[in-house]
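Below is one structure; the comments refer to it alone.
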Amino acid sequence: MRKTVCIILAVLCILYYIGIFFYNTGFRISQQYLWLMIAAVLLLWGFLPQLHLPRPLLIAADAVFCVCLALFVAVEGLIVCGMAQKPQKEPDCLLVLGAGLNGSVPSASLRMRLETTLELLEEDDGLTAIVTGGQGAGEDMTEALCMKQWLVERGVEENRIIMEDASTSTAENFRFGLPLMEQGTATVGVVTNNFHVFRSLCIAEKISEELGIECEFEGVSAPYLYPLLPHFMAREFCTLIVDTLRGNLAWPF
């Protein structure tokens with residue numbers, strides 16, 4: 001039974017990997033290989049009893065697998081809670097997290113963040129937005145400049161958009177972006193994709209504490225493409241672990 005279940009799950013992971021390849025026309029999604037790694041781990045665990053290893057080693061391997069699985073499920077539950085989160089307070093300003101560009105064109109994830117930002121700016125004429133992100137590989141300009149141009153082209157006044165164009169990570173988005181806020185800002189709306197909300201808020205709390213900036217953060221969830229959503233949710237687990245080891249975030253417990 002164990003072997004059969006693991007084979008079925010591994011095949012589904014491989015099919016999803018192939019599906020991502022064709023849906024996104026290649027290997028353009030970061031950490032696409034994650035699904036092959038998950039398939040390999042499932043197959044290894046499924047066939048472990050057939051390897052005739054010493055019983056204590058088998059018990060230890062089973063324990064490690066179960067602990068890792070429980071940790072994964074728990075963290076994914078927190079990510080889902082972040083996805084469903086709704087702002088409890090009206091933000092005094094928005095901090096829009098950067099994402100990749102295809103040359104000078106916003107990627108799908110960035111476009112969705114911008115569309116959500118535009119809706120909020122249109123609803124509140126007094127709201128300003130800090131757009132964040134430097135220039136990465138394959139990008140013809142900084143993400144912040146692209147975001148500002150996109151918003152201005154759709155009618156947002158330039159003086160309502162503040163650019164932070166030096167950051168290369170989510171932690172740096174906050175580290176360089178938060179000091180650009182007006183003094184007295186009490187509530188910051190963090191605009192990012194739904195799967196990214198939980199980690200972003202954890203990082204925001206950590207960086208604001210380091211900088212000595214007192215404010216509250218509200219997650220503003222932008223949607224994401226459903227065929228790729230499982231991949232980014234799984235990737236968030238890995239990134240949360242890495243950011244924890246780097247000391248970039250504060251867990252909410």
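The values are calculated or read from the model by the stated rules, or taken from the named source; none is laboratory data. What you see is a predicted model, and the numbers here were worked out from it, not measured in a lab. For neighbour counting, all protein chains shown are included, and Cβ atoms are generated from backbone atoms with ideal geometry for every residue, glycine included.
Figures for the structure shown
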{"quantity": "Yes/no for residue 212 being buried (at least 19 other Cβ atoms within 10 Å of the Cβ) and over 25 Å from residue 139 (Cα atoms)", "calculated": "no"}
{"quantity": "Residue list for the stretch 90-122, filter: under 18 Å from residue 152 (Cβ atoms) and of a type in the set (D, E, K, R)", "calculated": "111, 113, 115, 119, 122"}
{"quantity": "Pairs where the first residue, in the stretch 138-154, is closer than 23 Å to residue 180 by Cα and the second is of a type in the set (S, T, N, Q) and at pLDDT below 95, C-beta under 7 Å, 6+ apart", "calculated": "141/104; 141/135; 142/135; 146/104"}
{"quantity": "Selection from the stretch 25-49 of residues that are part of a loop (DSSP other than H, G, I, E, B) and under 20 Å from residue 237 (Cβ atoms)", "calculated": "29, 30, 31, 32, 33"}
{"quantity": "Number of the condition not met by residue 101 [criteria: (1) in contact with a strand residue (DSSP E or B) (Cβ under 8 Å, 6 or more places away or on another chain); (2) surrounded by fewer than 22 Cβ atoms within 10 Å (Cβ to Cβ); (3) modelled with pLDDT under 95]", "calculated": "(2)"}
{"quantity": "Hits in the stretch 199-253 (condition: hydroxyl-bearing (Ser, Thr, Tyr) and not in a helix (DSSP H, G or I))", "calculated": "221, 224, 226"}
{"quantity": "The stretch 165-198: number of residues that are assigned to a helix (DSSP H, G or I) and surrounded by fewer than 17 Cβ atoms within 10 Å (Cβ to Cβ)", "calculated": "2"}
{"quantity": "Meets criteria (free of Cβ contacts under 8 Å to residues at least 60 places away in the same chain and crowded, with 16+ Cβ neighbours inside 10 Å) for residue 111", "calculated": "no"}
{"quantity": "Index of the failed condition, residue 126 passing every other in (1) surrounded by 12 or more Cβ atoms within 10 Å (Cβ to Cβ); (2) outside any strand (DSSP E or B); (3) in the same structural domain as residue 200 (by TED's automatic domain parsing)", "calculated": "(1)"}
{"quantity": "Condition met for residue 205 (buried (at least 19 other Cβ atoms within 10 Å of the Cβ), acidic (Asp, Glu) and closer than 24 Å to residue 73 by Cα)", "calculated": "no"}
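This table checks each residue for (1) in the same structural domain as residue 102 (by TED's automatic domain parsing); (2) over 20 Å from residue 240 (Cβ atoms); (3) of a type outside the set (Phe, Trp, Tyr).
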| position | (1), (2), (3) |
| --- | --- |
| 11 | no, yes, yes |
| 28 | no, yes, yes |
| 45 | no, yes, no |
| 57 | no, yes, yes |
| 68 | no, no, yes |
| 73 | no, no, yes |
